[in-house]
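Written below as structure tokens is the structure these notes are about.
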Amino acid sequence: MTDHSSSNVVDLFTGEPLETSANKRFIRLSPELDGLEMLYSNNSSGSDLYSLKILCWGLKANGEIVGLVPWLNTIVACPDIRDPLDGRFEGYYDPGIEEIFHEPPIHKIVELETAAEYFEYENSKAEEVMQEVPDTIGTHAVFMDEQRENLTLTEVVSWRLYASGEIHGMLIDHDIVETTPVLPGDLCLYPAQEAADFRYFFQHNIANKIKAEDPEALAAIAALVSSP
């Protein structure tokens with residue numbers, strides 16, 4: 001008899017056993033509203049640490065809770081940032097009390113676990129929206145045409161969690177706006193990651209420098225879009 005157990009089935013995108021991939025999917029999000037940050041370093045930073053504002057905290061199906069940040073062209077769990085070139089996770093940071101810590105704050109753990117228990121339900125449709133949280137850190141999506149001549153920045157309104165565990169940044173399609181202000185869940189929103197000319201996500205401080213045509217910011221974006 002052929003063994004059809006899920007542990008022998010491999011996820012096409014991750015290359016991991018399907019059971020493992022399913023356990024790692026996100027099932028619940030909680031916005032970060034107190035200004036907590038992620039610290040990271042890279043090979044050129046020496047002893048210096050850089051920070052990014054945490055967008056939200058995510059609960060995985062296996063019970064793990066992690067901070068999440070927009071990173072390049074996706075949203076990434078902070079501990080998973082280990083690329084020596086782009087950055088390495090060094091911990092979480094509370095700028096109010098200047099404290100570095102490595103585990104999610106207890107109030108977020110309680111919130112996520114309690115909410116997941118309250119809203120728990122099973123769904124097999126990967127495309128169904130499980131949750132949508134507002135963007136509270138000023139994230140912008142960067143678009144560039146195929147000729148790499150026109151650069152456009154668009155504000156991210158919200159982040160949509162699907163039953164598959166994927167999280168997409170949602171942008172406004174101004175051609176179909178019916179009411180304002182546009183709020184999370186509005187029918188005029190579409191996923192940035194599914195747009196052909198989408199390149200990267202940037203937080204508001206970098207996005208504002210690009211808008212102001214800051215030479216260093218423009219040089220950085222030029223290097224990113226020219227890389228393979």
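The values are calculated or read from the model by the stated rules, or taken from the named source; none is laboratory data. Just so you know, these numbers come straight off a predicted model, no measurement behind them. Counting neighbours? That spans all protein chains shown, and the Cβs are built from the backbone with ideal geometry, glycine included. Surface areas here come from the heavy atoms of the whole protein model, side chains and all, with no ligands, DNA or RNA. Shrake-Rupley method; radii C 1.70, N 1.55, O 1.52, S 1.80 Å.
Structure notes:
- Those residues of segment 59-93 which are more than 24 Å from residue 115 (Cα to Cα) and in a strand (DSSP E or B), in sequence order: 71, 74, 88, 89, 90, 91, 93
- Counting the residues of segment 94-132 that are at pLDDT 95 or above, open to solvent by 50 Å² or more (accessible area, probe 1.4 Å) and either closer than 16 Å to residue 26 by Cβ or not in a loop (DSSP other than H, G, I, E, B) (or both) gives 8.
- Checking each residue in segment 182-208 for being closer than 26 Å to residue 146 by Cα and assigned to a loop (DSSP other than H, G, I, E, B) picks out 188, 195, 196, 197, 203.
- Selection of first residues in segment 124-147 that are closer than 13 Å to residue 168 by Cβ and of second residues that are part of a loop (DSSP other than H, G, I, E, B) and of a type in the set (Val, Ile, Thr), restricted to Cβ pairs under 8 Å at least 6 apart or on distinct chains, gives the following pairs, ordered by first then second residue: 135/156; 135/157; 139/156; 141/156.
- Restricting segment 51-75 to residues that are over 19 Å from residue 205 (Cα atoms) and touching a strand residue (DSSP E or B) at 6+ places or on another chain (Cβ under 8 Å), the residue that is surrounded by the fewest Cβ atoms within 10 Å (Cβ to Cβ): 61
- In segment 30-49, the residues that are outside any loop (DSSP other than H, G, I, E, B) and either open to solvent by 70 Å² or more (accessible area, probe 1.4 Å) or touching a helix residue (DSSP H, G or I) at 6+ places or on another chain (Cβ under 7 Å) (or both): 30, 38
- When 168, 204 are checked against the criterion of being within 14 Å of the chain's Cα centre (by Cα) and closer than 23 Å to residue 68 by Cβ, 168 stands alone in meeting it.
- Checking each residue in segment 151-181 for being in contact with a helix residue (DSSP H, G or I) (Cβ under 9 Å, 6 or more places away or on another chain) and in a loop (DSSP other than H, G, I, E, B) picks out 156, 165, 166.
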